[in-house]
Amino acid sequence: MPALDPIVDAHLDLAYGALTHGWDLTLPLETLRQRVHGPYRPTVTLPALGDAGVAVAFATIFVDPERYPGHEEAKQAALAQIERYRRWEAAGHVRIIEDAGMLRAHLEAWSHDQKPGLVLLMEGAEPIESPDELPEWKRLGVRIIGLAWRTTRYAGGTGGHEGLSPLGRDLLAAMADEGLALDLSHLSDAAFFEALDHFAGPVAVSHANPRALGWSPESPVPANRFLSDDELRALKGRGGVVGVVLYNRFLDPTWTAEKPRPSPELVARHARVIAGSLGWDSVGIGSDFDGGFGADATPEGIESPGDLRALSKVLPESHAARVLGANWLRWLGSWL
Ligand SMILES: [Zn+2]
């Protein structure tokens with residue numbers, strides 16, 4: 001059997017789902033779906049990633065500020081999520097990737113065992129008390145940090161207007177010193193441009209769609225959750241990748257659960273807008289599966305990791321393998 005091209009999904013809130021909903025993500029997806037009562041259909045489990053040929057996922061440490069409003073609570077919640085990832089690794093479900101050597105060894109092993117590799121991404125820096133803690137978070141495995149989800153002490157986030165705080169600038173300097181990457185997703189417009197100016201290290205957007213197609217004034221989601229044309233242009237020359245989110249309301253702001261699910265062709269339209277600014281080497285997938293929406297809020301026929309490969313049917317043939325994985329692997333290999 002010919003080897004399948006590796007898929008990379010740049011945004012999955014795996015530990016958050018496991019700890020917040022009590023889902024056992026070590027189960028096959030169908031088993032988990034049978035166990036979850038109510039209308040919500042989960043989208044991703046660890047065996048589903050393996051079976052799908054997802055070689056690497058960026059696995060988030062996500063702390064909901066409404067549940068953990070203070071720094072200390074946020075920190076404990078973040079540590080619990082890292083502990084869950086380490087437990088999955090110890091039980092043989094995943095490999096956690098911390099450097100370029102581990103990435104190479106993982107991809108070699110993956111071609112035989114299809115075990116998913118995880119790169120830990122902190123979504124919102126609230127758990128980090130101060131920039132001097134950064135070596136400790138790096139030791140725990142964190143490799144990519146997004147400064148904000150909603151506005152944090154570090155930066156303006158989704159729906160916010162603040163830029164970077166002085167502490168945010170210090171955190172970016174410490175991230176550059178530690179060789180960590182910056183995820184620009186969720187930043188306010190002001191914070192996005194200031195962060196790009198202040199941070200000389202590797203940048204990417206793990207999960208965000210172009211504003212041109214993903215937002216309208218009637219959209220319930222704030223405009224700055226999406227990438228403006230100026231933001232896309234500003235990324236040019238930085239070597240980053242943008243992950244397209246597979247959430248119907250981020251693909252079509254008028255979508256509601258009563259409407260038919262959009263065709264996967266809409267995913268390709270978003271990909272083409274990103275490629276139009278940055279080239280096809282900068283387009284990836286950051287599905288955000290189960291990041292607040294289930295399998296019924298994804299495009300028709302794309303409702304689990306096993307369906308990701310089908311996106312190659314709507315992407316340009318010569319770019320599909322790069323969009324589905326190779327672009328993110330090249331980005332990781334350039335700095336990890
Ligand atoms: Zn997010």
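Express the accessible area of the chain per residue in Å², computed with a 1.4 Å probe while the remaining protein chains stay in the model.
Details: 13050 Å² over 336 residues.
Here the per-residue accessible area is 39 Å².
List, largest first, the extents of the alpha carbons of the range 203-336 along their principal axes, each in whole Å.
For the range 203-336, the Cα extents along the three principal axes come out at 43, 32, 25 Å.
When DSSP assigns beta bridges and you keep just the ones with both residues in the chain, what percent turn out antiparallel, to the nearest 5?
Working: 1 of 28 bridges.
Restricted to the chain, the bridges split so that about 5 percent are antiparallel.
Which peptide among 299-305, 280-286, 220-226 comes first, and what is the full order, when sorted by highest mean count of other Cβ atoms within 10 Å? The partial results should precede the final answer.
Numbers: 299-305: 20.3, 280-286: 24.7, 220-226: 17.1.
Ranked from most to least packed, the peptides come out as 280-286, 299-305, 220-226.
Using alpha-carbon positions, what is the distance between the centroids of the range 184-250 and the range 89-115, in Å?
Each part's Cα centre sits 29 Å from the other's.
Using the Cβ atoms and a cut-off under 12 Å, what net charge is assigned to the surroundings of Asp230, where Lys and Arg are +1 and Asp and Glu are -1? Spell out each step's value before the answer.
Details: positive: Arg211, Arg233, Lys236; negative: Asp189, Asp229, Glu231.
Summing Lys/Arg as +1 and Asp/Glu as -1 gives 0.
Within 10 Å, Cβ to Cβ, of Val273, how many net charges do the neighbouring residues add up to if Lys/Arg are +1 and Asp/Glu are -1? Mind showing how you got there, number by number?
Values: positive: Arg211, Arg269, Arg272; negative: Asp229.
In short, +2.
In the neighborhood of Ala155, defined by Cβ-to-Cβ distances under 9 Å, what is the net charge if each Lys or Arg adds +1 and each Asp or Glu adds -1?
Working: positive: Arg153; negative: Glu162, Glu194.
Counting the neighbours of Ala155, the net charge comes to -1.
Please list Leu19, Leu167 in order of solvent-accessible area, largest first, computed with a 1.4 Å probe with all protein chains present. Display every interim value, and only then the final one.
Details: Leu19 75, Leu167 55 Å².
Result, largest first: Leu19, Leu167.
Can you give the helix-only mean residue ellipticity at 222 nm for the chain, where every DSSP H stretch with n ≥ 4 adds -39500 (n - 2.57) and the sum goes over all residues, rounded to the nearest 500 deg cm²/dmol? Mind showing how you got there, number by number?
Details: 13 runs with 121 residues, N = 336.
Value at 222 nm, helices only: -10500 deg cm²/dmol.
Quick one: what are the phi-derived ³J(HN,Hα) couplings along the range 45-61, Karplus 6.51/-1.76/1.60 with θ = phi - 60°, whole Hz, x for glycine and proline?
9, 5, x, 5, 5, x, 4, 6, x, 7, 7, 9, 10, 7, 9, 8, 10
Given 0.36 nm per residue, what is the gain on full extension from Val221 to Ala91 after removing their alpha carbon distance, in nm? All intermediate terms of the calculation are to be shown ahead of the outcome.
Numbers: separation 130, 0.36 × 130 = 46.80 nm, distance 3.84 nm.
Result for the pair: 43.0 nm of gain on full extension.
Run the 1.4 Å probe and let me know the accessible area of Thr254, rounded to the nearest 10 Å².
80 Å²
How do the peptides 180-192, 263-275 rank, highest first, by the average count of neighbouring beta carbon atoms within 10 Å per residue? Walk me through the numbers on the way to the answer.
On the way: 180-192: 25.5, 263-275: 20.2.
Those peptides, ordered most packed to least, come out 180-192, 263-275.
Using a ≥ b ≥ c from the Cα gyration tensor of the chain (square roots of the eigenvalues), is it rounded, prolate or oblate, where a/c under 1.5 gives rounded and otherwise the larger of a/b and b/c decides, a/b for prolate? Display every interim value, and only then the final one.
Working: a/c = 1.24, a/b = 1.10, b/c = 1.13.
Rounded shape, in that the Cα axes give a/c under 1.5.
With a 1.4 Å probe and every protein chain kept in, tell me what percent of the accessible surface of the chain is carbon plus sulfur.
Numbers: 6950 of 13050 Å².
Summing carbon and sulfur atoms, their accessible area is 53 percent of the total for the chain.
The values are calculated or read from the model by the stated rules, or taken from the named source; none is laboratory data. Since this is a predicted model, take the numbers as computed values, not measurements. Positions of Cβ are generated from backbone atoms using ideal geometry, with glycine treated the same way; all protein chains shown enter the neighbour counts. Ligands, DNA and RNA are excluded from the accessible area calculation, which covers all protein heavy atoms including side chains. Shrake-Rupley method; radii C 1.70, N 1.55, O 1.52, S 1.80 Å.
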